[in-house]
Amino acid sequence: MLSGVLGLCVVAGGYLAAPASAAPAKPSALPPLAPGTPCTMSARSCVDLDTERAWLIKDGKVIRGPVKVSSGGRGKPTPVGHSLRVYRKEKDYKSQESRIQSGPKKGQPAPMPYSVFFEDGGIAFHSGNPAVASAGCVHLNTADAVAWFNDLQIGDQVQVVRASRESADRKKGVSEPQQPSNITLAPGQIPSGNDDSGDDDSDDSDGDSDGDS
């Protein structure tokens, strides 16, 4: 009779049968990193905000990079996440929020050539000045932006991380998204409110003084 009582747990005023002893749960193995990057092998693109570098990855192997990038500054950081997804591509995109700051085209929508959007709010990889902080997007030089645009497809996973944090978490045996994406999208789905990047820096992606996002 006593052994039967010991095999029950009180739950919400009732009883729930439970095994007399349960083996402790084993921690799941951490997903392996793509060699030479702070991102896992499931990523198709990796961005490290600590070193301002990015990689293209295919089948767990780096196919381009590291390349120099610039990410968000002035209180507009690039979102961090392990499971961001490409949801839109537009070769000749022009920001509906940011405007060209100087020159004959002053006041016109700022160009964002080779945009690959991967987070709500219009956050994208695009051609821009890698020496100048964005307002959330990831700037690539033109050749790299073309490579990112051609290689990444709708639904591909993007990881934006801080390598120092990744290393510390792995030493502790944890692997959690540093900051989850604000959206969950099916491949090809386009969220609302994504018609601009919010970038507002004033350096044109082609190196002239027109300005871009």
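The values are calculated or read from the model by the stated rules, or taken from the named source; none is laboratory data. None of these values were measured; they are calculated from a predicted model. Cβ sites come from the backbone with ideal geometry, for glycine too, and all protein chains shown count toward neighbours. Ligands, DNA and RNA are stripped out before the accessible areas are found, and what is left, the full protein with its side chains, is counted by its heavy atoms. Shrake-Rupley method; radii C 1.70, N 1.55, O 1.52, S 1.80 Å.
What figure in square angstrom, to the nearest 10, would you give for the accessible area of residue 80 with a 1.4 Å probe?
About 20 Å², ignoring ligands and nucleic acids.
What does the charge add up to near residue 56, with Lys and Arg as +1, Asp and Glu as -1, over the other residues with Cβ less than 11 Å from its Cβ? Show your work: numbers first, answer last.
Details: positive: 44, 58, 61, 64; negative: 144, 151, 156.
It works out to a net charge of +1.
Leaving ligands, DNA and RNA out of it, work out the accessible area of residue 165 with a 1.4 Å probe and give it in Å² to the nearest 10.
In the full protein context, residue 165 sits at about 110 Å².
Can you tell me the convex hull volume per residue for segment 55-144, based on C-alpha atoms, in Å³ to the nearest whole number? If you can, show how the numbers build up before the last one.
On the way: hull volume 10.3 nm³, N = 90.
Expressed per residue, the convex hull around the Cα atoms of segment 55-144 is 115 Å³.
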